[in-house]
Amino acid sequence: MAVYKLFPLQDASIYSFYPYMNTGIDAMIEVGNLNVNINPVPQVFRYLVEFDQNEIEDVIDNKVGGTQFSSSLKCFIANAQGIIFDTELEIYPVSGSWNNGSGTYLDSPFTTNGCSWRARTFSGSGGTTWLINNFSPYATASFSGSNNSGGGNWFTGSSDPYNTNLYVSQSFTLRSQKDLNAPVTDIVKVWYSSSKSIGGYTDIENNGFLVKWEDAIEFSTIDSVQPIMQFYSVDTNTIYPPVLEIKWDDSSFNTGNLPPIQTTDLFVALDSNPGIFYSESINRFRLNVRPEFPTRTFLTSSIDTQNHYLNSSSMYSVKDLDTNETLIDFDPKFTKISCDSQSNYFDIYMNGLQPERYYKILIQTTVNGSTIVKDDNYYFKVINR
């Protein structure tokens, strides 16, 4: 029942028609294929995004406690155009380190102190370019003609005994939602195993992800094939930077002597909620559950003090209070509500929530076949230390 969100270490877009331009601190990262009369070959752009390997390993070693987790790369759409056919984004692990740089799109003059279509590190004397041949094992590149050489290097597989496929994709249509939510569990596990020299993985370091259109889209000269998707970058001034989400099931359900709640008219209070949390903190929220209208009985103590438990299919969700955006959705595996002899409870890692904002918690449960969602002003704020 745990969800941990990591924010990027660096990200940047690279452009075939501006082969030395760095965009390391631009507010957007984007993919596209554009037919313009600048060059006989269509103009292609891709983006790179990298997350801190030390932070990934800390989560796996000290929070998950093993490799039984799920991981997703999430990027949030700012603008999309030209997606009139079924089109597919491809996500690969990058082969080779790269520098973020400090440029933005169409700086005048261009900033060249970081990665670009041609350069991994920086352009000019002493810089390192992307390989166009003699690749590392299982690595490759894709470009059209010598004038467009570059565009990043990436792995398509690995030399582990299981021949893990490192190709991930997500399809988009004209009317589909446009956020990227790609399952990258295998890639993250390969990075982890390579770092630890586990299971025959030794050759694939974490240098982030490369995101591109499928080959059938890139460098297409068909006028109707010009899709562009712009996502918010880590340098956005919004609440939508890319995230690497790691989820695992650490739930436990032992009700002790607590009675079950058996009425749909239930009262749920959120205990252990001081209302303000530092962004580095973890908080265990406990639930006080009882009937809203208890049956009148003769007891030696108040029935209002007796806690009940929600069943084991109960879940929690977290939304941004201002935008009503769902940040942690109900999930029957990863946001399950636990229980012990004291009460139901769940933990929230505050690091994945933007600081200086308010959030609300929703509780979902099932009683007598009826699904109930409690949205009763369970608010809190995350702040910087």
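The values are calculated or read from the model by the stated rules, or taken from the named source; none is laboratory data. Computed from a predicted model, the values in this text were never measured in an experiment. Note: ideal-geometry Cβ built from the backbone for every residue, glycine included; neighbour counts use all protein chains shown.
Scanning for something charged (D, E, K, R), within 21 Å of Asp271 (Cα to Cα) and surrounded by fewer than 19 Cβ atoms within 10 Å (Cβ to Cβ), does segment 369-378 turn up at least one residue?
Taking every residue of segment 369-378 in turn, at least one turns out to be charged (D, E, K, R), within 21 Å of Asp271 (Cα to Cα) and surrounded by fewer than 19 Cβ atoms within 10 Å (Cβ to Cβ).
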> Hey, any hits in segment 344-366 for a residue that's assigned by TED's automatic domain parsing to the domain that holds Gly275, without any contact (Cβ under 8 Å) to a residue 24 or more places away in the chain and more than 15 Å from Ser272 (Cα to Cα)?
Replying inline: no
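So that you can scan it fast, the table gives a plain yes or no per residue for (1) outside the structural domain of Gln170 (by TED's automatic domain parsing); (2) out of contact with any Pro (no Cβ under 8 Å at 6 or more places or on another chain); (3) farther than 23 Å from Phe51 by Cβ:
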{"residue": "Gly208", "(1), (2), (3)": "no, no, no"}
{"residue": "Asp223", "(1), (2), (3)": "no, yes, yes"}
{"residue": "Thr236", "(1), (2), (3)": "no, yes, no"}
{"residue": "Leu258", "(1), (2), (3)": "yes, yes, yes"}
{"residue": "Ser272", "(1), (2), (3)": "yes, yes, yes"}
{"residue": "Ser279", "(1), (2), (3)": "yes, no, no"}
{"residue": "Asn283", "(1), (2), (3)": "yes, yes, yes"}
> So which of Asn307, Asn344, Asn311, Asn351 is of a type outside the set (Phe, Trp, Tyr) and under 20 Å from the mean Cα position of the chain (by Cα)?
Replying inline: Asn351
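Here is a yes/no grid of residues against (1) among the β-branched types (Val, Ile, Thr); (2) surrounded by fewer than 16 Cβ atoms within 10 Å (Cβ to Cβ); (3) over 21 Å from Ile383 (Cβ atoms):
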site	(1), (2), (3)
Asp203	no, no, yes
Val225	yes, no, yes
Leu244	no, no, yes
Thr255	yes, no, yes
Pro259	no, yes, yes
Ser279	no, no, no
> Which ones in segment 98-150 are free of Cβ contacts under 8 Å to residues at least 40 places away in the same chain and under 17 Å from Phe45 (Cβ atoms)?
Replying inline: Arg120, Trp130, Ala141, Ser149
> Given the conditions (1) part of a loop (DSSP other than H, G, I, E, B); (2) touching a residue at least 24 places away in the same chain (Cβ under 8 Å); (3) surrounded by 12 or more Cβ atoms within 10 Å (Cβ to Cβ); (4) over 28 Å from the mean Cα position of the chain (by Cα), and given that Phe334 satisfies all but one, which numbered condition is not satisfied?
Replying inline: (4)
> Hey, any hits in segment 335-352 for a residue that's β-branched (Val, Ile, Thr), at pLDDT 95 or above and more than 30 Å from Thr238 (Cβ to Cβ)?
Replying inline: yes
> Given the conditions (1) under 22 Å from Trp154 (Cβ atoms); (2) modelled with pLDDT of 95 or more, and given that Ala27 satisfies all but one, which numbered condition is not satisfied?
Replying inline: (1)
